Amino acid sequence: MSWSEQWYPVAYEVDLDPTRPTAFTLLDQDLVLWCDRHGDSWQAFADVCPHRLVPLSEGRINGRGELECPYHGWSFDGMGACTTIPQQREPAEALPQRSCAKRFETRLAQGLLFVFAGPPEHADAVPLPLVPEVEAPGWVVQDIFRDLPMDALTLLENVLDVSHVPFTHHRTVGRRQNASPVEAELTSFGPEGFTAFWQEGPRRGALGSQHTTFVAPALMWHDLEAKGFARFLTVVYATPMRRGECRLFARFPFRFASPLPGLLLRLRPQWLQHLANHTILEDDQVFLHWQERALAERGGSASFARSCFLPTAADVYVRALHDWVNRYGGEPFPGQELPPRLGRDALMDRYQAHTLHCRVCSRALKRLRRIRPLLLAGCVAAAVAVGVLPSLVAQLAAGVGLLLLFGLWRQCGIWQQGLLRGDGHPPRNRPDPTDKRC
């Protein structure tokens, strides 16, 4: 199996701006994504102009609806053909092949823009990696993406591993007291991926049995059904960008037995959901970034079984992933070294990794930046009113207003900071009064 002969999601369609080009890197290939309004379709080109090799993503979509290079104005239609060279005295009837932009095949499906990383003529032979429940009637789907400072395989290893949840994600989506042996077993294994089954399931069986699917090379999901409440999936795409960097697309489809939980999920602002998702992702981001360097120093996947001590059935998922890498897939960036290790502050960035590229979060950040000065002005006005109003009742009313405005100003500041970066303090490490002290 070749990593390049595959479809990968590169963006949720709602986060793409059809009026301007967007840069993205897929498997070390710099791409420009743009909307061809003539064909009413999204296109992906190599992000390099054939003229003087500048990035086309720095250009614009011109009045003719074509992608225009920022350097000398060369223009390209949806098929990559150069239609205009302004420096030519007389327009040529047919410009040479060397003037064309390199084009990649694209598809829109289930709200995602997919790009085929290999030659366009091979794309039709490879099916899109889709999850049927995402578009099935009666399902509610929550989505998030984030650029992560780790390889796609490191991310997949982590999300396949169910036994870390009670400890790493204690106080977010797990509880230490729910930890139990994970007696999971593989139910299929081959070049296309593998499946696994855990009879008891998480939370000591409270959520029912868990089915796990890995669709090679970059998609996995866990499938759970809590009887009488909901069936829900945890879906993760790990799109390899560069060595040591991938884009996570996480999807959480729910089908509830009652309509009320789905209604409540829809009422919650999506950017607040994203803030909660960031906290969960940062539970393990720091040590995963460091862990993959420790494994690389010991030989990577090829020496995984020798480097790590795996005495229980809980490791069946990660063992299967590395077996698949060694037998069929290989690594996405063979022979490349990881970049230098990042410090904690850099690992907590949310703005460049998500907010800048997310439609709802970037909009929320702009609104919070506008609202906070108004709230602060309101606090000042309320404080003045407390001092000058003649009656006690009016002073009390102004004081209550001051407290409310100050509380809202402070909360908006917390949200604003949360859209920019994490605090680096995972909830699991907060003092627990039930822990025994020496």
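Within region 270-357, the proportion of C-alpha pairs whose separation exceeds 20 Å stands at 51%.
Averaged per residue, what accessible area in Å² does region 88-231 show with a 1.4 Å probe, protein chains only? Don't jump to the answer; show the numbers that get you there.
Working: 6890 Å² over 144 residues.
Per residue, region 88-231 has 48 Å² of solvent-accessible surface.
If a helix is a whole DSSP H run, which ones in the chain reach 18 Å or further along their own axis (Cα) and hold a mean Kyte-Doolittle hydropathy of at least -1.0? List each step's numbers first, then the result.
Details: long enough: 270-297 (40 Å, -0.56); 359-388 (44 Å, 0.87); 392-420 (42 Å, 1.22).
Helices meeting the span and hydropathy rule in the chain are 270-297, 359-388, 392-420.
Mind running the shape call on region 385-431? Use the C-alpha gyration tensor, a ≥ b ≥ c as the square roots of the eigenvalues: rounded below 1.5 for a/c, prolate if a/b tops b/c, oblate otherwise. Note, shape of region 385-431 comes out prolate.
When every Cα-Cα distance of region 132-281 is counted in 5 angstrom steps from zero, the calculated P(r) takes the values 2, 9, 16, 21, 23, 18, 9, 3, 0 percent.
Just to confirm a number: summing +1 for Lys and Arg and -1 for Asp and Glu over residues other than THR213 whose beta-carbon lies under 11 angstrom from that of THR213, what do you get? Write down the numbers at each step before the final one.
On the way: positive: none; negative: GLU192, ASP223.
Around THR213, the surrounding residues sum to -2.
Calculation over all alpha carbon pairs of the chain in 20 angstrom steps from 0 returns a P(r) of 21, 50, 24, 5, 0 percent.
The mean sequence distance of close C-alpha pairs (under 8 Å, at least 6 residues apart), as a share of the length of region 176-277, puts its relative contact order at 14 percent. Within the shell defined by Cβ-Cβ distances under 15 Å, the residues around LEU186 carry a net charge of -4, with Lys and Arg each +1 and Asp and Glu each -1.
So which trypsin sites (Lys or Arg not before Pro) in region 1-76 end up in coil per DSSP with only 13 or fewer other C-beta atoms within 10 Å? If you can, show how the numbers build up before the last one.
On the way: sites: ARG37, ARG52, ARG60, ARG64; in loops: ARG37, ARG52, ARG64.
Qualifying residues, ordered by number: ARG52, ARG64.
Given a 1.4 Å probe, how much area per residue of region 340-438 is accessible, in Å²? Please list the in-between numbers first.
On the way: 6630 Å² over 99 residues.
Each residue of region 340-438 exposes 67 Å² on average to a 1.4 Å probe.
Positive end of the dipole of the chain (Cβ unit charges, origin at the Cα centre): among GLN29, PRO334, ALA397, the Cα lying farthest that way belongs to ALA397.
State the percentage of accessible surface on the chain attributable to carbon and sulfur atoms; use a 1.4 Å probe and exclude ligands, DNA and RNA. Could you put the intermediate results ahead of the total?
On the way: 12560 of 22160 Å².
Ligands and nucleic acids excluded, carbon and sulfur give 57 percent.
Between the alpha-carbon centres of region 1-47 and region 114-175 there is a gap of 18 Å.
Would you please state which residues of region 144-175 a label at ASP28 would reach in this model, taking the label point 7 Å out along Cα→Cβ and a backbone N cut-off of under 12 Å? Under cut-off, by backbone N: nothing. Considering only alpha-carbon pairs that sit under 8 angstrom and 6 or more positions apart, the relative contact order computed for the chain is 14 percent. Here ILE85 and ASP432 are evaluated by their C-beta separation; at R0 = 60 Å the FRET efficiency comes out at 0.35. Modelled spin labels at ARG176 and ALA346, positioned 7 Å past Cα toward Cβ, are 3.2 nm from each other. Computed from label points 7 Å out along Cα-Cβ, the spacing between VAL393 and THR195 is 7.1 nm.
Taking region 335-438, which chymotrypsin sites (Phe, Trp or Tyr not before Pro) meet the DSSP loop condition and have no more than 16 other C-beta atoms within 10 Å? The partial results should precede the final answer.
On the way: sites: TYR351, PHE406, TRP409, TRP415; in loops: TYR351.
Here the sparse-neighbourhood loop sites are TYR351.
The values are calculated or read from the model by the stated rules, or taken from the named source; none is laboratory data. Quick caveat: nothing in here was measured; it's all calculated off a predicted structure. Every residue, glycine among them, receives a Cβ derived from its backbone with ideal geometry; neighbour counts consider all protein chains shown. Ligands, DNA and RNA are excluded from the accessible area calculation, which covers all protein heavy atoms including side chains. Shrake-Rupley method; radii C 1.70, N 1.55, O 1.52, S 1.80 Å.
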